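S.K.: The structure is given below, and queries will be raised subsequently.
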Protein chains: 2
Amino acid sequence: MKLENSLRVTRQRRILLEQLKLSDAHPTASEIFDAVRKELPRISLATVYRNLELLAEKGLIQLVGTAESRQKRFDWNPRPHCHAHCVRCGGVADIEPSPEINALLRGSVDSLRDFEVLAARIDFLGYCPQCRATVPRCSE
Amino acid sequence: MKLENSLRVTRQRRILLEQLKLSDAHPTASEIFDAVRKELPRISLATVYRNLELLAEKGLIQLVGTAESRQKRFDWNPRPHCHAHCVRCGGVADIEPSPEINALLRGSVDSLRDFEVLAARIDFLGYCPQCRATVPRCSE
DNA sequence: GGGGCTTATAGTAATAGTTCCTATTATTAT
DNA sequence: ATAATAATAGGAACTATTACTATAAGCCCC
């Protein structure tokens with residue numbers, strides 16, 4: 001197994017990626033740290049951060065998140081898709097892109113002249129089903 | 001002038017909003033701080049942060065930015081539109097939504113069942129025209 | 001399958017953007 | 001004007017992330 005582009009296959013890197021792939025919950029760096037620590041108790045948080053950044057840079061995973069949440073979240077699936085962010089619990093869910101969205105994600109937008117698109121991102125903010133059920137709502 | 005929803009009209013708040021509206025550059029909190037300080041030399045950075053958050057919460061301005069940039073940026077225009085984020089210089093430009101995008105922004109997405117959408121966000125990451133011209137490129 | 005080059009790691013310190021705290025001041029309703 | 005209440009300045013605290021450095025581990029070639 002070679003990770004690509006001269007990334008060495010270290011035990012830390014392998015287990016980090018394994019753990020990330022176990023979940024669709026888009027965990028934060030420290031959640032990933034906690035998970036990996038169960039197998040590698042001596043791993044450093046800095047190693048987790050370094051590798052998450054590196055793997056995202058190489059396109060093997062993706063960084064997700066919004067401007068409002070302080071912490072970054074990661075998605076094991078590097079393929080373009082949309083995310084729904086709960087403004088209450090911070091949870092992130094995958095959204096299956098419709099054909100129209102897929103067209104957008106591939107970059108067919110007029111007003112973008114001269115801006116070279118590397119990635120398009122569509123995010124929805126709102127309440128996830130759980131929070132929706134328990135949030136106090138205005139009745140107006 | 002009343003700001004809405006029991007927000008008091010303080011000198012700080014008024015000038016902050018004025019300054020923000022002077023620019024389409026989507027400034028950061030500290031850039032706004034610097035601009036406001038020219039008129040209000042004794043304003044506190046905490047005041048700037050507090051008000052930016054408050055105004056965004058009330059829907060009078062909007063928070064923009066991506067998970068990769070550490071600092072938040074703000075847009076005086078609260079109406080839904082898209083943004084192009086330069087991955088090199090961090091600059092943000094407004095993108096005029098096409099009709100199809102507008103449909104998305106209004107919330108017509110299938111797979112979102114049970115997730116209550118408060119806002120949709122479409123962001124493009126890439127190189128702005130300036131950076132595009134000066135970034136060293138691979139010729140492959 | 002061992003030597004040596006090179007990259008990665010652990011552990012910790014440092015950074016930076018943001019938020020919190022509290023005594024004081026300003027705004028608004030009356 | 002006065003009283004009630006919300007907002008501010010200034011600085012301390014917080015926290016996610018990044019930087020640093022001596023040590024350890026992959027990997028390539030023989």
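The values are calculated or read from the model by the stated rules, or taken from the named source; none is laboratory data. Predicted, not measured: the structure shown is a model, and the values here were computed from it. Counting neighbours? That spans all protein chains shown, and the Cβs are built from the backbone with ideal geometry, glycine included. Each accessible area value is taken on the protein alone, full model and side chains, heavy atoms only, with ligands, DNA and RNA left out. Shrake-Rupley method; radii C 1.70, N 1.55, O 1.52, S 1.80 Å.
S.K.: Name the pairs: first residue in segment A:66-78 and within 16 Å of DNA strand C (Cβ to nearest atom), second residue open to solvent by 80 Å² or more (accessible area, probe 1.4 Å), Cβ to Cβ under 7 Å, at least 6 apart or on different chains?
M.R.: From residues that are within 16 Å of DNA strand C (Cβ to nearest atom), the pairs are A:67/B:72.
S.K.: To continue, here is another question. Might you let me know whether segment A:46-53 holds any residue that is away from DNA strand C (no atom under 16 Å from the Cβ) and among the hydrophobic types (A, V, I, L, M, F, W, C)?
M.R.: Step one: of segment A:46-53, the residues away from DNA strand C (no atom under 16 Å from the Cβ) are none.
Among the residues of segment A:46-53, not one is away from DNA strand C (no atom under 16 Å from the Cβ) and among the hydrophobic types (A, V, I, L, M, F, W, C), which makes the answer no.
S.K.: Of the numbered conditions (1) part of a loop (DSSP other than H, G, I, E, B); (2) more than 14 Å from DNA strand D (Cβ to nearest atom), residue A:19 fails exactly one; give the number of that condition.
M.R.: Among (1) part of a loop (DSSP other than H, G, I, E, B); (2) more than 14 Å from DNA strand D (Cβ to nearest atom), the lone unmet condition for residue A:19 is (1).
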